[in-house]
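Colleague: Encoded as C-alpha cells, here's the structure I'll be asking about.
The values are calculated or read from the model by the stated rules, or taken from the named source; none is laboratory data. Quick caveat, the model's predicted, so the values are computed rather than measured. Cβ: placed from backbone, ideal geometry, glycine included. Neighbour counts: every protein chain shown.
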Amino acid sequence: MLAVCMAAAFAAAHVAAGVPALVPMPREIDATGGECVLTRPPAIEVDGSVPAEGYRLSVTPDGVTIRHSDAAGLFYAKVTLRQLETRRGSEGAVCPCCEISDSPAFRWRGVHLDDVRHFFGKGTVKRILGEIAQYKFNMFHWHLTDSQAWLIDIPGYPELVNQGRGREFGEAVGPFRYTANDIREVLAYAAERHVTVVPEVEFPGHFGAALRAYPEFACPGGGKVMCIGNPDAVKFAEDVLDYVCELFPSEVIHIGGDECKREYWAKCPRCRAMMEREGMTDPGELQQWLTKRLSAHLAATGRRAIGWDEIFDGGVSLPSNTMGMCWRPADGVGAEGAGAAHGVANAGREVVMCPYSHCYFDYSQGLDEDPFDYFGRRSISLEKVYSFDPLSGVAPDARKFVVGAQCNNWSERTFALPDLEWKLWPRALALAEVLWTYPDPHRRDFARFASRAEEHRRRLLRDHVNCAGIANRKTERAAQ
Ligand SMILES: [Zn+2]
C-alpha cells in the first residue's frame, strides 16, 4: 500500500515539476532524485528473470542500464527512456534519475483499422503503426475486406480487387488494392516496432465485394452473404486463407463472422439441401459449420482463427484454439448486446475485448467543439475509455481467458488521416494505460492521467499528429 501511494505521489510530482510524463505509467517507478545527462548509449543486459515484454530501467548520474529478457522488452525500455528525456540545447538530453520495473498486464494491446470503408493506404498505415508502438500497443487488426471493397490481391481471383472501391468525402474512388509487396513493406515496418499485424478477411457476411466479383458465390436470387451450400465458395474461402497465411506471419488470422443475415440461406436450394444432408434445423448452423471448417483449416497449419463474438452464438463447439473478439458489451446495452460476448471467455476460449461501450473510437468523444463527423449517437469520452475494465462481466474463473483488448476505428465517417488521428488520440493513450497497468487502482486517477495526457498531446502535435483536446471536454462527472 505504501509503495502504491509513493508511486502515485511521484507521478504527481513528476508532472508538477514539468519533467516528461509517462504514458502508460510503469508498474513500479521510484524516483531517486537528481538527473542524468545522457552522454553515452545505455548499457544493455539480458536477464531471464524479467517477464515477457518487460524491462528494468535504471537511470543514475553515472548512466542508464536496461535489463530485459526479450527483444520487445528492450524496445519498450527505449520507448520509456525516450519519454523521460528532455533535450537541453548543447548539453544534449537529460533524464530524471529513477528505477523502473515494468511489464504489461495483457498480451493483446490492440488497435484496429477499417481500411475498407475509407482506403487509407500503406503510408497512413505505417504512420499509425509508428504512433501506436510509442505507446506500447503490440497488435494491429487490419480490416481488409468487406461489402464496399476487397483490398488484397488473391492469386487465381483477379476480379476481387477490381471491386475494391472506397470513397472520399462521399464520392466513390478507386478501385484500391494492396499488392503482396505493399503488404510485405507494412509487415516489415510493424515487425521493427514489435507490432503483430492480424489481417481480417470476412466470411460469410460483409461479403458484398467478393460477390460483385464472383456472383456465383452468392445464393441464387442475389443473397448478400456467401452461399455455404456452394462447395466452390467454400474452396474460395480456404484459398483466401491459404494465401493470407503465406503473406502474414501472425499466428492469429481474423475470419470475421459478424452481422451475417442468415435468412438468405433459408431460401437457397443449395443451402437447404446442405442443411438436410447435415441434419441441420436452423440456417444459423450453416455459419457454425463454416466457422468450424475454416478454424480447423487454419489450425491444421499451426494457425488459429479469431472471429467476432457471433461465431460462438448457439453454444457451438469450435476448435479449442479458436479465439473470440467481443464487440457486444456485457451489460446488455443496445438490442444486440445480450451479454453473449462474455460467454466466449466463460466457455473457455481466449478472447479479445472491444465492446462498443468503451472501444469504438468512431463514436463521438464528447468534445465541446469538434470539427469531425462521427458514427451513431453514442459518445465515448476520454474518461470513459480510462474507466474501461476488460474483465467486467467475466466470471472470475474465466478471466484468465481474456488476453487483452483493442480499440476499433471503423471508417464510415472517417475520411482522411487528420480525422483518423483526431479520433484515435488521446483516447488511445487511455486505452494503452489500461491495458499496460491493469488493474492498479492508483493509475485510475483520471485527473492525474489527464495531466500526463496533456503533456503527450503537446508532443503529438509537435510531431504533427492531430491529437484532440484533453481539457475541452464536456464533463461526465455529473452523470456518474
Ligand atoms: Zn446458398
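Colleague: Would a scan of the stretch 238-258 turn up a residue that is buried (at least 16 other Cβ atoms within 10 Å of the Cβ), closer than 28 Å to CYS326 by Cβ and within 16 Å of the ligand (Cβ to nearest atom)?
Modeller: Among the residues of the stretch 238-258, not one is buried (at least 16 other Cβ atoms within 10 Å of the Cβ), closer than 28 Å to CYS326 by Cβ and within 16 Å of the ligand (Cβ to nearest atom), which makes the answer no.
Colleague: Among GLY302, GLY334, which is assigned by TED's automatic domain parsing to the domain that holds PRO390, surrounded by fewer than 22 Cβ atoms within 10 Å (Cβ to Cβ) and at pLDDT below 85? Quick ask: steps written out before the conclusion?
Modeller: Details: GLY302 fails: at pLDDT below 85.
The unique qualifying residue is GLY334.
Colleague: Would you confirm whether any residue within the stretch 451-465 is surrounded by 19 or more Cβ atoms within 10 Å (Cβ to Cβ), in contact with a helix residue (DSSP H, G or I) (Cβ under 6 Å, 6 or more places away or on another chain), under 17 Å from CYS354 (Cα atoms) and at pLDDT 95 or above?
Modeller: No, every residue in the stretch 451-465 fails to be surrounded by 19 or more Cβ atoms within 10 Å (Cβ to Cβ), in contact with a helix residue (DSSP H, G or I) (Cβ under 6 Å, 6 or more places away or on another chain), under 17 Å from CYS354 (Cα atoms) and at pLDDT 95 or above.
Colleague: If you don't mind, there's one more thing I want to ask. It is to be established whether one or more residues within the stretch 122-138 are touching a Gly at 6+ places or on another chain (Cβ under 9 Å) and either without any contact (Cβ under 8 Å) to a residue 60 or more places away in the chain or not assigned by TED's automatic domain parsing to the domain that holds ASP242 (or both).
Modeller: no
Colleague: Kindly evaluate ASP368 against the criterion of being within 17 Å of the chain's Cα centre (by Cα) and among the acidic types (Asp, Glu). Reasoning before the result, please.
Modeller: Values: within 17 Å of the chain's Cα centre (by Cα): no; among the acidic types (Asp, Glu): yes.
Judged against the criteria, ASP368 is not a match.
Colleague: Somewhere in the stretch 274-295, is a residue away from the ligand (no atom under 16 Å from the Cβ), part of a loop (DSSP other than H, G, I, E, B) and among the charged types (D, E, K, R)?
Modeller: So far as the stretch 274-295 goes, no, none of its residues is away from the ligand (no atom under 16 Å from the Cβ), part of a loop (DSSP other than H, G, I, E, B) and among the charged types (D, E, K, R).
Colleague: Looking at GLY221, GLY208 in this structure, which one is away from the ligand (no atom under 11 Å from the Cβ) and of a type outside the set (Lys, Arg)? Explain how you work it out, then say what you get.
Modeller: Numbers: GLY221 fails: away from the ligand (no atom under 11 Å from the Cβ).
Answer to the check: GLY208.
Colleague: Please identify the pairs in which a residue from the stretch 206-220 that is assigned by TED's automatic domain parsing to the domain that holds GLN163 and in contact (Cβ under 8 Å) with a residue 60 or more places away in the chain has its Cβ atom under 7 Å from the Cβ atom of a residue that is among the small types (Gly, Ala, Ser) and outside any strand (DSSP E or B), counting only partners at least 6 apart or on another chain.
Modeller: From residues that are assigned by TED's automatic domain parsing to the domain that holds GLN163 and in contact (Cβ under 8 Å) with a residue 60 or more places away in the chain, the pairs are HIS206/SER147; HIS206/GLY256; PHE207/SER147; GLY208/SER147; ALA209/SER147; ALA209/ALA149; ALA209/GLY164.
Colleague: Okay, moving on. Can you say whether VAL201 is buried (at least 18 other Cβ atoms within 10 Å of the Cβ) and either within 16 Å of the ligand (Cβ to nearest atom) or touching a residue at least 24 places away in the same chain (Cβ under 8 Å) (or both), as far as the supplied structure shows?
Modeller: yes
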